[in-house]
Structures are given as structure tokens and as C-alpha cells.
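One structure is given below, encoded as C-alpha cells.
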Amino acid sequence: MRNVEATPTDARMRILQAASRVTRREGAIALTLDATAKEAGVSKGGLLYHFPSKEALVRGMLEYHLDTFEQGLQDSSKPFVQAYVEMGSYDGSDGLFQSLSAVLALYPELLETVRERSQRWYAQAKRIDALVAMLATDGLFMADLMGLEVAPGKLRQKVLQRLLELAEEES
């Protein structure tokens, strides 16, 4: 059997996944390079090879999760705005986005990455109703992150249905 060594990309992904687990489990304050290296099963030097600072690690996590969301939008068989409403209306990250938000407070310059992506996504809306649906979706997502429960149960389903109606592409 051939011994296959991990590629740098595999190690980088393991580190990002480990950082996400640490952040999810223990919160943003517990995200350190040492804790991440231990969780990933790599040396601190190995981690520093891929992420030379905590800010670089946080940037990597943020970009990884934004890329994953964006890839889901592209892979969807639905029109862009409808996919955005469906995917963006819930937080399936198990608290990761809440913790990343806290980390972004420490590194506000990383918000520029979020701004750039959001502007690109919002530009996909060709009608005002579609843009309203996207903005309301973001509001619902943020309310969920803060635990506001603005639309629990059946009301949430009605809100999402209305947002999907607003998002429908014109024929």
C-alpha cells in the first residue's frame, strides 16, 4: 500500500475545520493558535506555515465559510435570489457565525470581505422585490443569531414563503 502524504491544501482545510470547531465549542475568545493547532493535530509551526497570525486564521475561516455559502448558491438549481433566500434564512453553523461575528469585532477590517461579497450578491437582484427579499433574509438571519425569535414556528414559514414570492424571477 502506497503511503500518501497530506497535501498543504488538506492541512490547511484541517486547520480551518479545527478552528471552526474550537470557535463553535468554546467561543471566539478561546480561538487561539495553540488551541487550533492542538485541535487540528498539527504543530504550531505547521499552523503558522498556513496562517502566520490569528487574524490570518480568522480571515481564512471567514473566507472559507463565505466561499461555501457562495458555492451552494452556484450549485443550486434555483434562480440566484431564491437560492439566497432559502440558504440565507437559517444558521446551520451550530453557533459558528455567532462566534465569527464576535471575532470580527476584534478585526473590523475583515468586515470589508463581507461587504465585498454582499455587494456582489445584492447586485444579482434585478428587481426591487428581489433585493427586499435578500435584505429581509439577512435581517432574519441576524435576528436568529441574536436569539430574537422574531418569527417562530408557523409564522417563520409564512415569512419565508413571502420572501420566496418576492424573490421569484420574472419570466
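The values are calculated or read from the model by the stated rules, or taken from the named source; none is laboratory data. Model, not experiment: these values are computed from the prediction. Reconstructed Cβ throughout: ideal geometry from the backbone, glycine too, with neighbour counts over all protein chains shown. Heads up: the accessible areas ignore ligands, DNA and RNA and are worked out on the full protein's heavy atoms, side chains in. Shrake-Rupley method; radii C 1.70, N 1.55, O 1.52, S 1.80 Å.
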**Close pairs from the stretch 8-32: first farther than 18 Å from Gly45 by Cβ and open to solvent by less than 20 Å² (accessible area, probe 1.4 Å), partner among the charged types (D, E, K, R) and in a helix (DSSP H, G or I), Cβ under 9 Å, at least 6 apart** = Val22/Lys38; Val22/Glu39; Leu31/Lys54
**Request:** Return a yes/no flag: does the stretch 80-91 have any residue that is under 29 Å from Met13 (Cα atoms), open to solvent by 90 Å² or more (accessible area, probe 1.4 Å) and modelled with pLDDT under 90.
**Result:** yes
**Message:** With the requirement that a residue be of a type outside the set (Lys, Arg) and surrounded by fewer than 13 Cβ atoms within 10 Å (Cβ to Cβ), what does the stretch 112-134 give you?
**Reply:** Glu112, Glu116, Gln119, Ala123, Ile128
**Prompt:** Only one of these conditions is not met by Tyr90: (1) closer than 21 Å to Val159 by Cα; (2) within 13 Å of the chain's Cα centre (by Cα); (3) part of a helix (DSSP H, G or I). Which number is it?
**Reply:** (3)
**Complete:** Residue hits (the stretch 52-79; more than 27 Å from Ala37 (Cα to Cα), open to solvent by 20 Å² or more (accessible area, probe 1.4 Å) and touching a residue at least 24 places away in the same chain (Cβ under 8 Å)) are Glu70, Pro79
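Taking the condition free of Cβ contacts under 8 Å to residues at least 24 places away in the same chain, farther than 15 Å from Leu163 by Cβ and assigned to a loop (DSSP other than H, G, I, E, B), does Leu111 pass?
No.
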**Message:** For the structure I just gave you, tell me whether Asp138 is part of a helix (DSSP H, G or I), of a type in the set (Asp, Glu) and in contact (Cβ under 8 Å) with a residue 40 or more places away in the chain.
**Reply:** yes
**Complete:** The condition from (1) open to solvent by less than 40 Å² (accessible area, probe 1.4 Å); (2) small (Gly, Ala, Ser); (3) within 20 Å of the chain's Cα centre (by Cα) that Gly147 misses is numbered (1)
